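Student: Sharing a structure below in structure tokens format, with a few things to ask.
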Amino acid sequence: MRQFHGRKPNRFLRVDFGLVEVTFDGEADWVCRWLAIHMHRLDEVPGMAVEVLERYDLDFSGAVTWGQLSPEARQAAEPVVPSTVEGLRPPVAPPRYSIPTVKATVHLSQLVEGDELSRAIEKITIGV
């Protein structure tokens, strides 16, 4: 799926391939700015986990959790505080962590099924 957002000359293009989503800006010489891996879609889209296993030999039969990331990545991560508008309560958002050394943000699931390490990773966005 291809979607344009915004108005010229400041619009951006989002291309969704299912598991991977790519965002570009800088029309007409589109430049990749973000790459997102939507881990939650492995469970939501029938057959996607099997296709990834067959095509890339990567087994995602279960959820990928925060605890499965390397200790180095988790130690380098900084919590992302949701932005607020003065006078309004901050939105209730799933936990997110920024890993500045690789310009990545890890989005965790809203559902609490144990401690922080057992939360499923919903999405990883990587700035390029």
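The values are calculated or read from the model by the stated rules, or taken from the named source; none is laboratory data. Computed from a predicted structure; not experimentally measured. Here Cβ is always computed from backbone atoms with ideal geometry, including for glycine, and neighbour counts include all displayed protein chains. Ligands, DNA and RNA are stripped out before the accessible areas are found, and what is left, the full protein with its side chains, is counted by its heavy atoms. Shrake-Rupley method; radii C 1.70, N 1.55, O 1.52, S 1.80 Å.
Student: In Å, the Kirkwood hydrodynamic radius of segment 1-74 over pairs of distinct alpha carbons?
Tutor: When all Cα pairs of segment 1-74 are included, the Kirkwood radius is 14.4 Å.
Student: How many nm is it between the label spots at A73 and C32, if each spot is 7 Å from the Cα in line with the beta carbon?
Tutor: With each label point 7 Å from Cα toward Cβ, the separation is 1.8 nm.
Student: In nanometres, what is the gap between the two model label sites at D115 and S98, each 7 Å from Cα along Cα-to-Cβ?
Tutor: 2.7 nm
Student: Per residue, how much accessible area does the chain show when a 1.4 Å probe rolls over the protein heavy atoms, in square angstrom?
Tutor: So the chain comes to 69 Å² accessible per residue, rounded to a whole number.
Student: Highest mean first, how do 3-16, 34-47 rank when packing is the count of other Cβ atoms within 10 Å averaged over residues?
Tutor: For the peptides 3-16, 34-47, the packing ranking is 34-47, 3-16.
Student: Let me ask something else about it. Give me the log10 of I(q) over I(0) for the chain at q = 0.11, 0.13, 0.21 Å⁻¹, as the Debye formula computes it from C-alpha points; what are the numbers?
Tutor: Values, matching the q order: -0.48, -0.67, -1.31.
Student: Quick check: pseudo-label points 7 Å beyond the Cα along Cα→Cβ at F24 and R11, how many nm apart are they?
Tutor: So the two model labels end up 1.3 nm from each other.
Student: Could you tell me what percent of the accessible area of the chain is made up of carbon and sulfur, with a 1.4 Å probe and every protein chain present?
Tutor: 56 percent
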